[in-house]
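Take a look at the structure below.
The values are calculated or read from the model by the stated rules, or taken from the named source; none is laboratory data. Fair warning: this is a prediction, and the values are worked out from it, not measured in the lab. All Cβ positions, even for glycine, are placed from backbone atoms using ideal geometry, and neighbour counts span all protein chains on display.
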C-alpha cells in the first residue's frame, strides 16, 4: 500500500519520506540537507554517481534530487541506472544548463521533474506538493 507524501515530510501512513540528494558540490548537499531536514524529511546525500547508486539500492528513497552534470558518472547515467533497478522513486533532475535537448533526454530517461539551478526552496516545496497530489 502506498501512502501519499505530505509537505511536512511524512506520508499519510506516518512514514517519514526519504530523500536522496545527489550533487558533486558538497555545499549544495549540505544546504538541501539542512532545509529538507527542517521540513521533517529524512535526508541522505551523495557527492558522486557511484555513491548515489549504492545508497539508492540500500535505502530505496522515495524521492531523488539529482544533479545532471557531475564528474565521472553523469546524472543521466545515474538516472538510467536507478530506473533500471526499478522502484517508484520520484526523480527531480537539477542543472544549471537548461538546454532543451538535455531536458528532453532526462525526461525520456525517466526523470519526473527537471529544474534549473539556482533552484528556490519554494520551487522544491511546490514539486513535493505535486508528488503528494500524484500519490492521492
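Any residue at all in segment 95-110 that is at pLDDT 90 or above, buried (at least 18 other Cβ atoms within 10 Å of the Cβ) and under 12 Å from the mean Cα position of the chain (by Cα)? No; the residues of segment 95-110 include none that is at pLDDT 90 or above, buried (at least 18 other Cβ atoms within 10 Å of the Cβ) and under 12 Å from the mean Cα position of the chain (by Cα). It is to be established whether one or more residues within segment 87-100 are without any contact (Cβ under 8 Å) to a residue 24 or more places away in the chain and in contact with a strand residue (DSSP E or B) (Cβ under 9 Å, 6 or more places away or on another chain). Yes, segment 87-100 has at least one match. Here residue 55 passes the criteria (1) free of Cβ contacts under 8 Å to residues at least 12 places away in the same chain; (2) in contact with a strand residue (DSSP E or B) (Cβ under 7 Å, 6 or more places away or on another chain) except the one numbered (1).
In segment 36-56, the residue that is surrounded by the fewest Cβ atoms within 10 Å (Cβ to Cβ) out of those that are more than 17 Å from residue 85 (Cα to Cα) and at pLDDT 95 or above is 48. Here residue 61 clears all of (1) under 14 Å from the mean Cα position of the chain (by Cα); (2) assigned to a loop (DSSP other than H, G, I, E, B); (3) surrounded by fewer than 20 Cβ atoms within 10 Å (Cβ to Cβ) except the condition numbered (3). For the structure I just gave you, tell me whether residue 71 is part of a loop (DSSP other than H, G, I, E, B) and out of contact with any helix residue (DSSP H, G or I) (no Cβ under 7 Å at 6 or more places or on another chain). Answer is yes for this residue.
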